[in-house]
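K.L.:
Please see the structure below; I have some questions.
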Amino acid sequence: MNVLTQSIQDKYEDNAVLVGLLAGRFWLTEAPEDNTTYPYITYHIISNVELMAFDQTKDIEQFRIQFSLFSDDSSSVEVGNLFEAVKNCFDRGELPFVDSDYRHVGSIREGATLTIIDEIWQYTVDYMFFMQHA
């Protein structure tokens, strides 16, 4: 959904800490294949479910978004710093829906998993975002 992904991108661009850590290496779905510099973050829409509000007058859409944080640092410190920055940016924060008939209702971080594969640290962080037609 363009409205949600653009709002996530705008939220990232407005966060000086994340911008400072990533220098533009924040991508929808996948990183470029050629010579990607670490650290970086990709994010994916995992699922989208439409819910009806209690008063049945306005639809609420629920999106599961997964952020994947990558670092080739020898320790988990760098990817841990990325995780803290993602939490500070997206936990309980408002998404900036610009020129849209949607409004952000809320977001919940549902879990995070730290792994290392082939000497690359990866943190997967799952969020549930809720949007409503204004």
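The values are calculated or read from the model by the stated rules, or taken from the named source; none is laboratory data. Being a predicted model, the structure only gives us computed values, none of them experimental. Please note: Cβ atoms are built from the backbone with ideal geometry, for glycine as well, and neighbour counts cover all protein chains shown.
One line per residue, one yes/no per condition, for (1) within 16 Å of the chain's Cα centre (by Cα); (2) within 28 Å of residue 37 (Cβ to Cβ):
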site: 63; (1), (2): yes, no
site: 71; (1), (2): no, yes
site: 81; (1), (2): yes, yes
site: 87; (1), (2): yes, yes
site: 100; (1), (2): no, no
site: 119; (1), (2): no, yes
site: 128; (1), (2): yes, no
site: 131; (1), (2): yes, no
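K.L.:
Here are some residues: 93, 106. Which one is touching a residue at least 40 places away in the same chain (Cβ under 8 Å) and under 20 Å from residue 7 (Cα atoms)?
P.N.:
Among 93, 106, only 93 is touching a residue at least 40 places away in the same chain (Cβ under 8 Å) and under 20 Å from residue 7 (Cα atoms).
K.L.:
Does residue 41 satisfy the condition of being modelled with pLDDT of 95 or more and under 19 Å from residue 64 (Cβ atoms)?
P.N.:
Against the criterion (modelled with pLDDT of 95 or more and under 19 Å from residue 64 (Cβ atoms)), residue 41 qualifies.
Matching residues to (1) closer than 22 Å to residue 20 by Cβ; (2) touching a Phe, Trp or Tyr at 6+ places or on another chain (Cβ under 8 Å); (3) not acidic (Asp, Glu):
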residue	(1), (2), (3)
74	yes, no, yes
77	yes, no, yes
82	yes, yes, yes
89	yes, yes, yes
106	no, yes, yes
110	no, yes, no
118	no, no, no
124	no, yes, yes
134	no, yes, yes
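K.L.:
Pick from region 2-18 the residues that are touching a residue at least 60 places away in the same chain (Cβ under 8 Å) and either surrounded by fewer than 14 Cβ atoms within 10 Å (Cβ to Cβ) or in contact with a helix residue (DSSP H, G or I) (Cβ under 9 Å, 6 or more places away or on another chain) (or both): which of them is nearest to residue 79 (Cα to Cα)?
P.N.:
As a first pass, look at region 2-18 and keep what is touching a residue at least 60 places away in the same chain (Cβ under 8 Å): 3-4, 6-8, 10-12, 14-15, 17-18.
Next, only the ones that are either surrounded by fewer than 14 Cβ atoms within 10 Å (Cβ to Cβ) or in contact with a helix residue (DSSP H, G or I) (Cβ under 9 Å, 6 or more places away or on another chain) (or both) stay: 8, 11-12, 14-15, 17-18.
Values: 8: 20, 11: 19, 12: 16, 14: 20, 15: 17, 17: 13, 18: 12 Å.
Across region 2-18, the extreme among qualifying residues is 18.
K.L.:
Next up: Restricting attention to region 11-31, does a residue exist that is modelled with pLDDT under 95, under 14 Å from residue 131 (Cβ atoms) and part of a helix (DSSP H, G or I)?
P.N.:
yes
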